[in-house]
Amino acid sequence: RLAAKALFDGQTVPAHLNVPLLKHLLSLPVTFADLEHVDARLYHSCLAVLDGANADALCLTFCYRDRDGDVSSELGPGGNARDVTDENKDEYVARLFKHAMLDAISAPLASFLRGFYEVLPLACLSAAAFDAGDLELAIAGLDDVDVDDWRAHCEFSGGYDADAPAVAAFWAFVADLPPEKKAKLLQFVTGTSRVPAGGFAKLQGRDGVDKAFELRRRPGGDAAFPVAHTCFNRLDLPEYSSSDVLQRIFLALLDGDVLGFSDD
């Protein structure tokens, strides 16, 4: 329900759903290649069975045992007593695939789909003509923080403009940050570490209305700290005397609790 509500409201959640689950949500067929997204070891084991010349030598039966060896499931009637051979190995892999991708997860999958569709019915997803990649992007947003896109969709107030020295120093600092620090700074100023699927042009405030990122001049100079207003994506940025001062203050902020300097 949470993922569906976020999608409905145009918000992102910090969770990546795997390709098969996204396909289940969209009622799209799940293929054998999708098994690699769930269990790469099992996928490659299945390939080895299919490509091998002597399946009998593997001493396999139509039975699936979990990684810990604690739970065993027969892949069809009498599976424990049925040997895998070159003649039936295609059937074995097909049954193993179905078990891993559907039978073993049928109960939690049904619960997830039911909760999701209660908020956002399948007909709505179908009308949007999503594929699995589109849906993942809409739910989780972008991983990378594109500083050029962020800067291009920035507004100013309080006496700042794009050419103000403090503004230029701020963007230079952001551009030099490693990805994890960029994400943490974005969380500080917007309340989320992820970028909407449409980039910063689609940034929203807490009320769900589009609201661009804003830099506002804050009085106080070197004695003042930056303050974020995540409800409307605004950063009150003091006019620091140098890039070194700005860098020192922001690095200290990002090394601690970024929510501690928020007014929201």
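If you go through the stretch 32-61 and pick out every residue that is within 15 Å of A104 (Cα to Cα) and at pLDDT 85 or above, you end up with 2. Here the stretch 188-229 is the region considered, the condition is being part of a helix (DSSP H, G or I) and of a type in the set (A, V, I, L, M), and the residue that is most open to solvent (accessible area, probe 1.4 Å) is A223.
Checking the stated criteria, P121 turns out to be free of Cβ contacts under 8 Å to residues at least 24 places away in the same chain and surrounded by fewer than 18 Cβ atoms within 10 Å (Cβ to Cβ).
Residues are listed down the side, and each one gets a yes or a no for (1) in contact with a Leu (Cβ under 7 Å, 6 or more places away or on another chain); (2) open to solvent by less than 60 Å² (accessible area, probe 1.4 Å); (3) assigned to a helix (DSSP H, G or I):
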position: V93; (1), (2), (3): yes, yes, yes
position: I105; (1), (2), (3): no, no, yes
position: G115; (1), (2), (3): no, yes, yes
position: D134; (1), (2), (3): no, no, yes
position: L137; (1), (2), (3): no, no, yes
position: R151; (1), (2), (3): no, no, yes
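Selection over the stretch 173-182 of residues that are over 17 Å from D236 (Cα atoms) and either touching a Phe, Trp or Tyr at 6+ places or on another chain (Cβ under 7 Å) or open to solvent by 40 Å² or more (accessible area, probe 1.4 Å) (or both) gives a count of 6. Can K98 be described as among the basic types (K, R), under 29 Å from L122 (Cβ atoms) and open to solvent by less than 70 Å² (accessible area, probe 1.4 Å)? Here the answer is no, as K98 does not meet what is asked.
So is L28 in contact (Cβ under 8 Å) with a residue 40 or more places away in the chain and not in a loop (DSSP other than H, G, I, E, B) or not?
Considered against the rule, which asks whether it is in contact (Cβ under 8 Å) with a residue 40 or more places away in the chain and not in a loop (DSSP other than H, G, I, E, B), L28 comes out as no.
Consider D161 carefully, then state whether it is assigned to a loop (DSSP other than H, G, I, E, B) and over 31 Å from the mean Cα position of the chain (by Cα). For D161, the condition - assigned to a loop (DSSP other than H, G, I, E, B) and over 31 Å from the mean Cα position of the chain (by Cα) - is met. Among the residues of the stretch 117-132, those that are assigned to a loop (DSSP other than H, G, I, E, B) and not aromatic (F, W, Y) comprise L120, P121, A128, A129, D131.
The values are calculated or read from the model by the stated rules, or taken from the named source; none is laboratory data. The structure presented is a predicted model; accordingly, all values stated were derived computationally and were not measured. Cβ coordinates were reconstructed from backbone atoms using ideal geometry, including for glycine residues, and neighbour counts include every protein chain displayed. When the accessible area is computed, the model is the full protein with side chains, heavy atoms only, and any ligands, DNA or RNA have been set aside. Shrake-Rupley method; radii C 1.70, N 1.55, O 1.52, S 1.80 Å.
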